[in-house]
């Protein structure tokens with residue numbers, strides 16, 4: 001093949017839908033995914049059940065220049081008779097090197113493995129729903145973080161670090177203070193994980209998050225969260241264990257400690273049944289009910305979850321799940337069937 | 001010798017010959033790791049090769065971004081790379097890259113190439129590119145990288 005023909009082909013590859021524009025002269029390129037789900041629920045209690053459309057989430061990765069990247073994520077969620085559009089993530093990043101990548105924007109807080117690994121990508125996770133401690137709308141941990149981050153790999157080690165400073169959570173414990181820090185006291189987060197190249201699929205890590213939560217009428221509260229996780233995700237096995245400890249120290253009152261953990265395990269069946277992955281999860285949250293940040297919205301919680309995932313021959317899966325929960329000492333049962341998918345937009349590997 | 005025994009011996013003999021031929025063939029399917037001629041790397045530890053192919057290392061020592069050219073599905077060399085480097089099948093591989101993009105770890109997945117010729121040609125014109133081709137398809141222009149100090153022709157080479 002002649003040199004000029006090769007160059008033309010290279011330009012086509014880099015400019016094509018799967019191109020990452022890793023040479024600056026090709027200009028910005030965008031690649032993304034559309035995640036979504038539909039769910040059927042049969043549950044005890046008075047909450048609505050039946051069929052529901054889950055979140056539809058659009059996710060875009062743009063390469064603006066060789067070292068300048070943008071990641072955006074927008075969700076569409078049904079709430080009280082209409083659909084709400086939310087900016088979930090918007091991250092502008094400059095990659096100096098593998099050891100130093102600097103970004104600003106709105107992130108998934110890296111204080112929980114599940115929160116960053118799966119979050120709105122329901123097709124990616126093994127179960128129907130996230131563990132209660134990191135679920136959608138929880139105030140147990142701040143799931144989103146508005147601020148600046150640095151991250152990278154420490155030399156030639158298998159250690160990946162992240163560190164950030166941001167606004168922290170809002171006074172009601174749920175929001176991420178997108179409009180600025182109400183109490184001018186920045187939240188700080190540091191986390192690290194180890195993924196040895198010689199032990200593919202294994203990861204261990206943890207994080208520490210410090211903040212002062214704004215006054216919600218009962219005084220401001222110092223907050224300290226630490227977490228640890230261990231993961232095995234290779235071949236047929238999918239194992240995740242995570243522990244999160246939350247300490248709140250209100251100006252007026254004694255320190256209050258709460259904690260949560262879950263153990264999740266799935267095993268893909270062999271041979272002709274390889275599309276089927278049965279899974280189980282045990283999870284527990286132990287909270288101080290007088291905690292001023294949780295405001296009674298986070299319950300003492302226990303659950304055992306058992307389900308089966310069936311992967312279609314595409315980025316789509318069906319999951320059926322039984323959940324037995326104890327919420328504020330009240331037992332309840334629920335059964336779910338969920339269809340989830342991820343549609344690639346602009347290229348494949 | 002009865003006809004039945006003779007037939008059985010012929011079948012066993014044919015099976016052994018076929019297995020030997022298959023074994024010899026698989027022995028010749030070593031995969032060479034090839035980089036852009038200007039990339040200053042001659043030897044990579046296997047662990048570092050894994051990090052590059054898994055998108056955990058995205059820059060060469062000279063600061064240029066790595067561009068991974070990946071053979072499209074159904075090629076024998078892709079299956080070998082998925083098995084040895086990624087430890088995954090096709091479904092796991094797809095989920096792996098979707099997950100990396102979802103977590104904003106990478107902006108895009110590997111670039112697909114549809115033949116060894118295409119891989120071998122493109123890697124010479126895209127700065128920072130790395131790919132893999134069957135050793136028989138390596139040309140004199142290809143910059144082949146040693147893995148743990150070994151070339152594809154050496155005994156003990158990791159990608160065979």
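Observations
- Residue in region A:322-333 that is within 14 Å of chain B (Cβ to nearest Cβ) and either surrounded by fewer than 17 Cβ atoms within 10 Å (Cβ to Cβ) or within 27 Å of residue A:272 (Cα to Cα) (or both) present: no
- Residue within region A:20-29 that is part of a strand (DSSP E or B), modelled with pLDDT under 90 and touching a helix residue (DSSP H, G or I) at 6+ places or on another chain (Cβ under 9 Å) present: yes
- Among residues of region A:28-52, those that are under 20 Å from residue A:345 (Cβ atoms) and under 20 Å from the mean Cα position of the chain (by Cα), counted: 8
- Residues of region A:231-244 that are buried (at least 16 other Cβ atoms within 10 Å of the Cβ) and without any contact (Cβ under 8 Å) to a residue 40 or more places away in the chain: A:232, A:233, A:234, A:239, A:241, A:243.
- Residues satisfying the stated conditions in region B:96-116, i.e. facing chain A (nearest Cβ under 7 Å) and either closer than 20 Å to residue B:51 by Cβ or part of a helix (DSSP H, G or I) (or both): B:97, B:98, B:99, B:101, B:102, B:103, B:104, B:107, B:108, B:109, B:110, B:111
- Top-ranked residue of region B:57-68 - restricted to ones that are in contact with a strand residue (DSSP E or B) (Cβ under 7 Å, 6 or more places away or on another chain) and within 7 Å of chain A (Cβ to nearest Cβ), ranked as surrounded by the most Cβ atoms within 10 Å (Cβ to Cβ): B:67
- Every residue from region A:54-105 that is more than 10 Å from every other protein chain (Cβ to nearest Cβ) and in contact with a helix residue (DSSP H, G or I) (Cβ under 8 Å, 6 or more places away or on another chain): A:65
- Test for residue B:49: is it under 26 Å from residue B:149 (Cβ atoms), in a helix (DSSP H, G or I) and free of Cβ contacts under 8 Å to residues at least 12 places away in the same chain: no
Per-residue answers, yes or no, for (1) assigned to a loop (DSSP other than H, G, I, E, B); (2) surrounded by fewer than 20 Cβ atoms within 10 Å (Cβ to Cβ); (3) under 12 Å from the mean Cα position of the chain (by Cα):
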site: A:115; (1), (2), (3): no, no, yes
site: A:130; (1), (2), (3): yes, no, yes
site: A:136; (1), (2), (3): yes, yes, yes
site: A:150; (1), (2), (3): no, yes, no
site: A:157; (1), (2), (3): yes, yes, no
site: A:175; (1), (2), (3): yes, yes, no
site: A:185; (1), (2), (3): yes, yes, no
site: A:189; (1), (2), (3): no, no, no
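- Exclusive hit being surrounded by fewer than 16 Cβ atoms within 10 Å (Cβ to Cβ), assigned to a loop (DSSP other than H, G, I, E, B) and out of contact with any helix residue (DSSP H, G or I) (no Cβ under 8 Å at 6 or more places or on another chain), set A:179, A:126: A:179
- Of the residues examined, residue A:110 is one that is within 14 Å of another protein chain (Cβ to nearest Cβ), assigned to a loop (DSSP other than H, G, I, E, B), in contact with a strand residue (DSSP E or B) (Cβ under 9 Å, 6 or more places away or on another chain) and under 18 Å from residue A:135 (Cβ atoms).
- Pairs with Cβ under 7 Å, 6+ apart, first in region A:284-297 and on the phi < 0 side of the Ramachandran plot and in contact (Cβ under 8 Å) with a residue 12 or more places away in the chain, second surrounded by fewer than 17 Cβ atoms within 10 Å (Cβ to Cβ) and not in a strand (DSSP E or B): A:285/A:300; A:286/A:300; A:287/A:300; A:292/A:216; A:292/A:218
- Subset tally (residues that are assigned to a loop (DSSP other than H, G, I, E, B), surrounded by 16 or more Cβ atoms within 10 Å (Cβ to Cβ) and either more than 14 Å from chain B (Cβ to nearest Cβ) or touching a helix residue (DSSP H, G or I) at 6+ places or on another chain (Cβ under 6 Å) (or both)) for region A:198-215: 1
The values are calculated or read from the model by the stated rules, or taken from the named source; none is laboratory data. Please read these numbers as outputs of a predicted model, since none were measured by experiment. Using ideal geometry, Cβ is built from the backbone for each residue, glycine included, and neighbour counts are taken over all protein chains shown.
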